[in-house]
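Asker: My structure is below; once you've seen it, I'll send some questions.
The values are calculated or read from the model by the stated rules, or taken from the named source; none is laboratory data. On a predicted model such as this, the values are computed, not experimentally measured, just so you know. Note that each Cβ is placed from the backbone with ideal geometry, even for glycine, and that neighbours are counted across all protein chains shown.
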Amino acid sequence: MTSIKQSTGFLTVRTARSMKKMLDARLSEFGVTSSQHTVLSTLAENDGLSLSEIGKRIYLDKPAITGLADRLEKDGLVERRRTSEDRRVIRLYLTEKGQNLLQRFEKIATEVDRELVQVLSSSELNKFREMLNRIWLSANMEPDNEL
């Protein structure tokens, strides 16, 4: 057996954390974290999602999403609205400030990603992303299902 430091899971998590740290450093000038950026980007694609829908899309639990929403609302980047159909459901909407700020730092997120993967050729990057998706699908399959 290989050491934990050579396991695929460890290497993936280590890489993801390093990438997140670099993006957090670059977004700090806007007072936004990479996790908050992910929520804002998700809302830019589909504004008015419920907290649970956002959590499902970005793979975070309810307490984490609630904390992110609290901070984004406090900073005036999103607003919460209850639905008329079910007052228990809270939806998040980008504010004008949130939309404007997202446009400013969306380019930074793209640049950071590009900088970090520049060590790979275009074909290697495509293959790497394909392999990561295959591993993710395998990890999220029901035990009796097959690819």
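Asker: Name every residue in region 81-100 that is of a type outside the set (S, T, N, Q) and either modelled with pLDDT of 95 or more or in contact with a Cys (Cβ under 9 Å, 6 or more places away or on another chain) (or both), in order of residue number.
Answerer: Within region 81-100, LEU92, TYR93, LEU94, GLU96, LYS97, GLY98 meet the criteria.
Asker: So, in region 84-113, of the ones that are among the β-branched types (Val, Ile, Thr) and touching a residue at least 12 places away in the same chain (Cβ under 8 Å), which residue ends up farthest from SER28 (Cα to Cα)?
Answerer: Quick first cut of region 84-113, residues among the β-branched types (Val, Ile, Thr) only: 89-90, 95, 108, 110, 112.
Now drop any that are not touching a residue at least 12 places away in the same chain (Cβ under 8 Å), which leaves 89-90, 95, 108, 112.
Numbers: VAL89: 31, ILE90: 28, THR95: 20, ILE108: 11, VAL112: 13 Å.
Across region 84-113, the extreme among qualifying residues is VAL89.
Asker: For region 86-130, name all the residues that are more than 30 Å from THR66 (Cβ to Cβ) and either in contact with a Gly (Cβ under 7 Å, 6 or more places away or on another chain) or not in a helix (DSSP H, G or I) (or both).
Answerer: If the condition is that a residue be more than 30 Å from THR66 (Cβ to Cβ) and either in contact with a Gly (Cβ under 7 Å, 6 or more places away or on another chain) or not in a helix (DSSP H, G or I) (or both), then GLN118, VAL119, LEU120, SER121 are the ones that fit.
So that you can scan it fast, the table gives a plain yes or no per residue for (1) within 16 Å of the chain's Cα centre (by Cα); (2) not polar (S, T, N, Q):
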{"site": "ARG81", "(1), (2)": "no, yes"}
{"site": "GLU106", "(1), (2)": "yes, yes"}
{"site": "VAL119", "(1), (2)": "no, yes"}
{"site": "SER122", "(1), (2)": "no, no"}
{"site": "ASN126", "(1), (2)": "no, no"}
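Asker: Quick check, is ARG80 surrounded by 12 or more Cβ atoms within 10 Å (Cβ to Cβ), in contact with a strand residue (DSSP E or B) (Cβ under 6 Å, 6 or more places away or on another chain) and of a type outside the set (Gly, Ala, Ser)?
Answerer: Taking the combined requirement at face value, the residue satisfies it.
Asker: Given the conditions (1) surrounded by fewer than 18 Cβ atoms within 10 Å (Cβ to Cβ); (2) closer than 22 Å to GLU106 by Cβ; (3) more than 13 Å from the chain's Cα centre (by Cα), report the number of the one that SER3 does not fulfil.
Answerer: SER3 satisfies all of (1) surrounded by fewer than 18 Cβ atoms within 10 Å (Cβ to Cβ); (2) closer than 22 Å to GLU106 by Cβ; (3) more than 13 Å from the chain's Cα centre (by Cα) except (2).
Asker: When only residues in region 43-71 that are among the small types (Gly, Ala, Ser) and not in a helix (DSSP H, G or I) count, which is farthest from LEU102 (Cα to Cα)?
Answerer: Going through the qualifying residues, I end up with SER50.
Asker: Let me ask another. Got a sec? Which of VAL13, VAL32 is part of a loop (DSSP other than H, G, I, E, B), hydrophobic (A, V, I, L, M, F, W, C) and modelled with pLDDT under 95?
Answerer: VAL32
Asker: Can you name the condition, by its number, that VAL39 falls short on among (1) touching a residue at least 12 places away in the same chain (Cβ under 8 Å); (2) of a type outside the set (Phe, Trp, Tyr); (3) within 25 Å of GLN118 (Cβ to Cβ)?
Answerer: (3)
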